[in-house]
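**Student:** My structure is below; once you've seen it, I'll send some questions.
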Amino acid sequence: MTLSDIPVTTGQASGGAEGGRFLNRSVYNAMVDWDLSRADRPSSLIPGLAESWSVDSKDRNLWTFRLRRGVKFHDGSPFTAHDVVWNFDKLTKTDSPQYDRLQARNAANWMVSVDSYRAVDDYTVEVRTKKPNGTLLYEVGVNVFYSSPRQWETLGRDWQKFASEPSGTGPYELVRLVPRNRAELVRNPDYWNKDMMPKHDRMVLRPMPDANTRVSALLSGQVDLVEALPPDAVPRVKAAGMRVSTNVYPHIWPYMVSHLPSSPFSDIRIRKAANLAIDRENLAKFLGGLATPAQGFVTPNHPWFGKPSFKVGYDPDAARKLLGEAGFGKNNPVKIKVTMSAAGSGQMQPLPMNEFIQENFRDVGIDMSLETVDWEALRSRRLAGVEADLNKGVDAINYAYSIQYPVFGLIGQTYHGQNRVKGYNWGHFADAKADQLARACLDEFDADEQDRRLGELHSYLVDQAVWIWVVHDMNPRGLASHVKGFVQAQNWFQDFTRIRIEK
Amino acid sequence: MLWYVLRRLVYILPILFGVSLVCFSLLHLAPGDPMTAVMPEFGSEELIEQIKRSYGFDQPLPVQYFRWLLAVLSGDLGTSIVQDRPVWNELAPALVNTFQLAVFGVAISLVAGIGLGLLAGYTRRLVADRAITTTAIVGVSVPHYWVGLVLIAIFAVSLGWLPAMGKAPPSDAFGFDDVRYMILPAITLALIPTGIIARSVRATVIDVRKHEFVQTLHANGLPQRRIFLHVVKNASPTVLAIIGIQLGHLVGGSILVETVFAWPGTGYLLNNAIATRDLPLLQGTILVLATFFVLLNFLVDLAQPFLDPRMKRH
């Protein structure tokens, strides 16, 4: 793992998507799952602990989840609708004995639209939302995980103890936890999903924040799989007879731009010119092929891509023309200030990438100055929004982003004013049509139709050049030669249960 | 002697108070909200306020400081923001891990540093002296994390003799496997102290050997072995002071070395806490390490008069 500590093991992991990938999905299950079996297409949603779900045709705030029977926690107790309610209380009811502020914090993004819930019977749960929310499955559905109430009681109602002896319904059981050192997981022989029964006995998770350390650990045979290989290590790993697995996933390395009137980016011609000035193909080559040029928030094969009319690509002449129309040129460059971090989650190689783009911009008449801050400071700036004092004079932030969920990825980037979600739509893009398209996505409950509407929204956002999109990360992983069966899905999550060790 | 001990004890209190104040202020003045790393963006205002309140971040800074100080005085270092575990629970195993590594590193640097320093001091301007002095300068000058990477490349990746990273899987007793995991990081950590100790011992030995009492001992026909012991005894107060400082550095942990080797000690913990803006963890760790450093130097101060009785007079 690239994390420096073992993520929280009680049910709602810390450590963002990586915590969810390694801990949540190993020890626990959600009601809805990702289909991670294919590498050749973006992952879709499939049943998890819930076999099916529906929305009331008259009251679109009311969701019903019908749970799978025969599922058991690692401690042997059955998983029922009452456990769902108990876990929701754990996350939202501050006066419930099982309330855990740590898990509540980690799950808050996913519970925010839930108004109330109840167990209709042992295997049916009703969830009521505050407003119609067609994207609920991406929130409560795939991101809330269920801990065992019985185990919590057995351990004296102590979440600290539960962290060392957790009990979920997932394919692995945690048998040893040593903070900052290791988490040892063994196969759950009673796992309900026989298709995803781990094909190995044990999985040991080791935190290694330093990229060189991960490479050395892989090359020396100390570990079998490492995440986030640095580009310069790829030839060495391949030369050692090991495999480098890559794939696109819902990740974007962009510039979030300021739409305030004081920023040059308030002019769509300059936004489009910047998008056309970047030589993404050569940038991807410069990164050892571990990136793919972006044409929007998502890749063109994604169901949310739609049909934008503005083609994001490398066309410096067109960029110069647009800048000329806006009153700028090589001798009279438009000056912009960008804040970046030296490293950070999903930030790839920010300094050389920004310097590469700085040259591209200079070539067409954009003079980009860079301000470097550390990752958490950049996060603070993103959350504060462009209007905050700490972002004064900043025209864009270089902030890698996940487009895994509709609200995080697209809808949140359009809402403004009172509807604006803190930390999203950093640059205050305000557009009535975008809002209308975003609302239509939330009001749509049919999955295919919702994808189509998200495509419409995406097309509009690309046509408005709301951001400057650069590349998608290819998420390189290094695998020892004896590691077989791993399929790298186009997703932030992965299915490690398929891995076989063939020595 | 009692007055000497009391006087040094009194010096410690303002130093520790200053450390606590500087540590708290600097961390809170750093850019970035300490709660940002863990605050849910979509979380309701009510939840966010409640989280801030529960960690005391809703209070003015002076109030936060004095609350923290009072809690520290009662033995409570607070709660880690990221893991929501008591800081002591995070810090204690990290201290043990770093201490293990430090003991190993100190042993290497003492044996190598004193041995090489004595040899260089006794062979001044000869080939051995020049070789040792050059090696010591290189040892002090080369970035030790780089040496760590080179050692990993040779002994873990190429030769496969030793593990590249981490700590041995926990077992009931400390054994050979634990030592295997410690060899490369301990050698890397020992590099700088070895160089410093070797150079200090060399300089002190050369200085002591010039003293008249050494010539007198020679003139009295004392065997070389006995004269050597006199030289060592007279050189030891200076060397002890340097060793104390170096030991403090080693127990403080090296952020870079522990990160390169993914060694779960205090340096690694600090790096983690810095990256995630875990202020209670950072404050607690820095305070404990600073206290240790101050106490270690206090012990060195106490030990010195025993080696050099002249110091009791000051």
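Coordinate-derived values only; no laboratory data. The shown structure was predicted, so the numbers you read here are calculated from the model rather than taken from an experiment. Here the Cβ is made from the backbone with ideal geometry for all residues, glycine too, and neighbour counts use every protein chain on show.
**Student:** Within a 10 angstrom radius of each residue's Cβ in A:374-381, how many Cβ atoms of other chains show up on average? Whole number is fine.
**Tutor:** The per-residue average across the peptide is 6.
**Student:** What is the set of long-range amide H partners of A:Ser14 at a cut-off below 5 Å, with H atoms built 1.01 Å from backbone N?
**Tutor:** For A:Ser14, the qualifying residues are A:Val8.
**Student:** So, one more: Treat the count of other C-beta atoms within 10 Å as a stand-in for reagent exposure and order A:Lys90, A:Lys307 from fewest to most.
**Tutor:** Arranged by neighbour count, lowest to highest, A:Lys90, A:Lys307 become A:Lys307, A:Lys90.
**Student:** So what's the projected area for the protein assembly as shown, the Cα convex hull averaged over all directions, in nm²?
**Tutor:** Result: a mean projected hull area of 40.3 nm².
**Student:** Any idea how far the Cα center of region A:426-443 sits from the one of region A:90-136, in Å?
**Tutor:** 26 Å
**Student:** Would you mind classifying region A:307-374 by shape? Square roots of the alpha carbon gyration tensor eigenvalues, ordered a ≥ b ≥ c; an a/c under 1.5 is rounded, otherwise it is prolate if a/b is larger than b/c and oblate if not.
**Tutor:** In terms of gyration-tensor shape, oblate.
**Student:** Something else about it: Might you report the magnitude of the Cβ-based charge dipole of the protein assembly as shown about its Cα centre, with Lys and Arg at +1 and Asp and Glu at -1, to the nearest 20 debye?
**Tutor:** The dipole magnitude comes to about 2700 debye.
**Student:** Ok, one more. Which of the three applies to region B:39-130, rounded, prolate or oblate, going by the alpha-carbon gyration tensor with a ≥ b ≥ c and a/c under 1.5 meaning rounded?
**Tutor:** prolate
**Student:** In whole percent, what relative contact order does region A:84-196 give with Cα contacts below 8 Å and a gap of six or more residues?
**Tutor:** 15 percent
**Student:** Sort A:Leu378, A:Leu290 by Cβ crowding within 10 Å, fewest neighbours at the top.
**Tutor:** Lowest to highest Cβ neighbour count: A:Leu290, A:Leu378.
**Student:** To the nearest whole number, what is the average tally of beta carbon atoms from other chains within 10 Å of the beta carbons of peptide A:176-183?
**Tutor:** Across the residues of A:176-183, the mean count of other-chain Cβ atoms within 10 Å is 6.
**Student:** Kindly identify region A:251-473 as rounded, prolate or oblate by the Cα gyration tensor criterion: order the square roots of the eigenvalues as a ≥ b ≥ c, call it rounded if a/c is under 1.5, otherwise compare a/b with b/c, prolate if a/b is larger, else oblate.
**Tutor:** Verdict is rounded for region A:251-473.
**Student:** So what is the relative contact order of chain A, in percent, for Cα pairs below 8 Å that sit 6 or more residues apart?
**Tutor:** Normalised by residue count, the contact order of chain A is 20 percent.
**Student:** Amide H to amide H under 5 Å from A:Val32: which residues, 5+ apart in sequence or cross-chain, H placed 1.01 Å off N in plane?
**Tutor:** The answer is A:Gly48, A:Leu49, A:Ala50, A:Val142.
**Student:** Return P(r) of region B:183-314 (all Cα-Cα pairs; 5 Å bins starting at 0; whole %; ordered from short to long distances).
**Tutor:** 2, 9, 14, 15, 15, 13, 10, 8, 6, 4, 2, 1, 0, 0
**Student:** Let me ask another. Just for the protein assembly as shown, what percent of DSSP beta bridges are antiparallel, to the closest 5?
**Tutor:** Just about 85 percent of them are antiparallel.
**Student:** Output the Cα-based Rg and Dmax of region B:98-277 in Å, rounding Rg to one decimal and Dmax to a whole number.
**Tutor:** 19.1, 66
**Student:** Further question on the same structure: Take the alpha-carbon centre of region B:167-229, take the same for region A:309-327, and report the distance between them in whole Å.
**Tutor:** 68 Å
**Student:** Oh, and also: Below 8 Å, C-alpha to C-alpha, sequence gap of six or more: please give me the relative contact order for region A:16-207 in percent.
**Tutor:** 22 percent
**Student:** Right, another one. Using the Karplus equation 6.51 cos²θ - 1.76 cosθ + 1.60 (θ = phi - 60°), what ³J(HN,Hα) coupling, rounded to whole Hz, does each residue of region A:134-142 give in order, writing x for Gly and Pro?
**Tutor:** Here the 3J(HN,Hα) series is x, 9, 4, 4, 6, 10, 4, x, 9 Hz.
**Student:** If you don't mind, there's one more thing I want to ask. Which of B:Asn97, B:Asn89, B:Asn272 moves the most in a Gaussian network model of chain B with Cα springs under 10 Å?
**Tutor:** Greatest mean-square fluctuation among the candidates belongs to B:Asn89.
**Student:** Averaging the inverse of every distinct alpha carbon separation and then flipping it gives the Kirkwood radius. What is it for region A:435-503, in angstrom units?
**Tutor:** 15.7 Å is the Kirkwood radius here.
**Student:** Also, quick follow-up: Counting other beta carbons within 10 Å of each residue's own, what order do B:His211, A:His302 fall into, fewest first?
**Tutor:** B:His211, A:His302
**Student:** State the Kirkwood hydrodynamic radius of region A:239-305 in Å, one decimal place, computed from all pairs of distinct Cα atoms.
**Tutor:** 14.4 Å
**Student:** Give the average, rounded to an integer, of partner chain Cβ atoms located within 10 angstrom of each Cβ in A:89-100.
**Tutor:** Across the residues of A:89-100, the mean count of other-chain Cβ atoms within 10 Å is 1.
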